[in-house]
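For reference, the structure is listed below as C-alpha cells.
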Amino acid sequence: MVKRVLVVDDSKTQRMIMMRALAEFSCEIVGEAEDGQQATEMAARLSPDVIFLDMEMPGMTGLQALKAIKAVNPKIVIFMVTSIDSSDVIDDCIMAGAEDYIRKDRLETLRARAGGFLK
C-alpha cells in the first residue's frame, strides 16, 4: 500500500527539498502546508499516513500542531523536521506522540529514521 504523506514547513524551499528526499520512496505526497494551523486542517481532511512536520513556524508551532493532530487522529505517524538541536525540545515532541525527528541538515538520515514507515 502506498503511503500518503503530508509535508509541512513554512519555507517552500524546505518543502521542495523534503519532497525530493521522499522521491526515492513509493509514497504519494497528498499535500503541502506552510504552517501548523494549515497542517492541522489538512491532516483532518486528507488523512495522511505520515506527516513530516517542521518545528519552528509562525503562529501554531510544530509541537502545537503535533498535539492537535494526534488528538484527532493518533494513528498518523509524525516525524518532526527541525534544525533545533535541543534534547529537551526533541523529548517534548516524542512525549507528545512524534515517532522521531529528522534534522534538516541531515536529511540523509531520512531512510534510516522514516524508511520503514514509507514502504
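Can you match mean projected area of the Cα convex hull in nm² to one of these, [x] 6.3; [y] 7.5; [z] 7.0, based on a calculation from the structure here?
Correct label, based on the coordinates given: [x].
If amide H atoms are built 1.01 Å from N in the plane of the peptide, which residues on other chains or at least 5 residues away come under 5 Å of the amide H of Ile29?
Val5
To the nearest 500 deg cm²/dmol, what mean residue ellipticity at 222 nm is calculated for the chain from DSSP H runs of n ≥ 4 alone, each contributing -39,500 (n - 2.57), summed and divided by the residues?
Result for the chain: -12500 deg cm²/dmol, rounded to the nearest 500.
Relative contact order of the chain: what whole-number percent is it, with Cα pairs under 8 angstrom and at least 6 residues apart?
27 percent
Would you mind counting up the charge near Glu108? Only other residues with Cβ under 14 Å from its Cβ, with Lys and Arg at +1 and Asp and Glu at -1.
Value of the local net charge: +4.
In a Gaussian network model over the chain where Cα atoms closer than 10 Å are linked, find which of Asp54, Asp35, Asp100 has the largest mean-square fluctuation.
Its mean-square fluctuation being the largest, the pick is Asp100.
About the Cα centre of segment 41-119, what is the dipole size in debye to 20, counting +1 per Lys and Arg Cβ and -1 per Asp and Glu Cβ, all else neutral?
Dipole magnitude for segment 41-119 comes out near 360 debye.
Every number in this text was worked out from the coordinates using simple rules, so none of it is lab data. Computed from a predicted structure; not experimentally measured. Heads up, the Cβs are rebuilt from the backbone with ideal geometry, glycines too, and the neighbour counts pull from every protein chain shown.
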